[in-house]
1. Tell me which residues, restricted to the range 373-394, are touching an Asp or Glu at 6+ places or on another chain (Cβ under 8 Å) and aliphatic (A, V, I, L, M).
2. Just the residues that are open to solvent by less than 50 Å² (accessible area, probe 1.4 Å) and among the hydrophobic types (A, V, I, L, M, F, W, C), please, taken from the range 187-213.
3. Which one of the conditions (1) touching a strand residue (DSSP E or B) at 6+ places or on another chain (Cβ under 7 Å); (2) surrounded by 21 or more Cβ atoms within 10 Å (Cβ to Cβ) does residue 359 fail to meet, given that it meets all the rest?
4. Here is a check on your reading of the model: is residue 352 of a type in the set (Asp, Glu) and surrounded by fewer than 22 Cβ atoms within 10 Å (Cβ to Cβ)?
5. Test of understanding: among 231, 248, which residue is at pLDDT 75 or above, assigned to a loop (DSSP other than H, G, I, E, B) and over 30 Å from residue 324 (Cα atoms)?
6. Restricting attention to the range 87-102, does a residue exist that is open to solvent by 30 Å² or more (accessible area, probe 1.4 Å), under 30 Å from residue 295 (Cβ atoms) and at pLDDT 80 or above?
7. Give the residues of the range 292-325 that are of a type outside the set (A, V, I, L, M) and either closer than 17 Å to residue 104 by Cα or not in a helix (DSSP H, G or I) (or both), sorted by residue number.
Amino acid sequence: MADGHSHVFLGAAHEQSERRTWAVIWLAGFMMVAEIVGGLLFGSIALVADGLHMSTHAGALLLAALAYRYARRHADNPLFTFGTGKLGDLAGFTSAIVLSMIALLIGYESIGRIFAPVPIHFTEAISIAFLGLAVNITSALILSGGGHHTGHGHDHGHTHDEAHPIATERGILILEIFEDGVPPRFRLRAASGPNPAAATVVIETERPDGARQRFVMVARDGYLESAEEIPEPHAFTAHVHLDGKEHPVVFEEHDHAGATVSHDYNMRAAIVHVMADAAVSVLVIGGLVLALVFGWLWMDPLAGIVGACVIASWAYGLIRSTGAILLDMNPDREMERRLRQAIEGEGDRLADLHLWRLGPGHLGAIVSVVTAQRRDPDYYRARLARFRALSHLTVEVKVAP
């Protein structure tokens, strides 16, 4: 975050995602050619139609792959003020629009077939649906790579320090850093039994650069608490001195960006495309089997209507998520709260805060602080250093009257 810092705000797995997308494009392209050629050779219009549908599938994935490639090649282009990290979000938004149009088309065709049924070649249609399902499942597995999901993310939108048990002659003690709505301080309590006296406990922190600081403990209601606030960042070894013995405890700060910050929406859009195709294939198979067994010809168009609704729902969620990013909406309210807490914990006032997403796992922030102390922007940069998702930080300091 110093001067001259990089403006490359691509996702951590950008190149791997690009390779997986191209692999699926080749798979979809091969199936498209095979179905169209096979349909023409064997006189199957259904096979030709599915091949043409596969072409739209390949086209949507091609959009995602080209977005990955363009963003990577132009990542250092100074014309992009905040890098090319949001190009994937733009591609995801475009793919969502295409998905919504596909949903409308499927719904329109399905409603038309309810009122004007067409003859169905069940054996051929079911075989093609199973083939399409196999291709889509394979495509989804390739794209996911074990690390992407189409549903809600499971990232935690907060920063935390874990509680550490300490085995002593007095029993098990628990040392933690407490900062829920208050300045961060050490808290020490007994896992069971009475707490040690404040006068017998001294905590000394040792940071990676060798800097040390001692903390005086004060007795509270049911625990001991350090009188001094713990400076940022909270990455150090805490030496707990008790009864003439030293107990080292290592604290490693964890910064988990929220789901909206971490998601690669270009990849998510590609996965939604293949999952939508797979869902439609399952519904089509069910509708065709019921129509074949019971003669319910209306089941086939009904399955199409249900599939259109499912695709429309996924497209709407993707449009909302990517549209919010493109409009620079606040991507993580919990992150905003913790930024405010980190700035105002020492009596300063946060006059203005802008937080937006630059790319997968990267945030930009503009912070305006009003303070009565002699503090420069570097002071606040240090306080916010633990928020590793802040890839581009601008700090303005105003002296209070």
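The values are calculated or read from the model by the stated rules, or taken from the named source; none is laboratory data. Nothing here was measured: the structure is a model prediction, and the numbers come from that model. Reconstructed Cβ throughout: ideal geometry from the backbone, glycine too, with neighbour counts over all protein chains shown. Side chains are part of the model used for accessible areas, which takes the heavy atoms of the whole protein and leaves out ligands, DNA and RNA. Shrake-Rupley method; radii C 1.70, N 1.55, O 1.52, S 1.80 Å.
1. 382, 384, 385, 389
2. 188, 190, 198, 201, 202, 203, 211
3. Of (1) touching a strand residue (DSSP E or B) at 6+ places or on another chain (Cβ under 7 Å); (2) surrounded by 21 or more Cβ atoms within 10 Å (Cβ to Cβ), only one is false for residue 359: (1).
4. Yes, satisfied.
5. 231
6. Step one: of the range 87-102, the residues open to solvent by 30 Å² or more (accessible area, probe 1.4 Å) are 87, 90, 93-94, 97-98, 100-102.
Adding the requirement that they be under 30 Å from residue 295 (Cβ atoms) leaves 102.
Restricting the remaining residues to those that are at pLDDT 80 or above gives 102.
Yes, the range 87-102 has at least one match.
7. Passing the criteria: 295, 296, 298, 300, 301, 304, 307, 309, 313, 314, 316, 317.
Each row is one residue, and each column tells you yes or no for (1) more than 36 Å from the chain's Cα centre (by Cα); (2) part of a strand (DSSP E or B).
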{"position": "167", "(1), (2)": "yes, yes"}
{"position": "187", "(1), (2)": "no, yes"}
{"position": "194", "(1), (2)": "yes, no"}
{"position": "215", "(1), (2)": "yes, yes"}
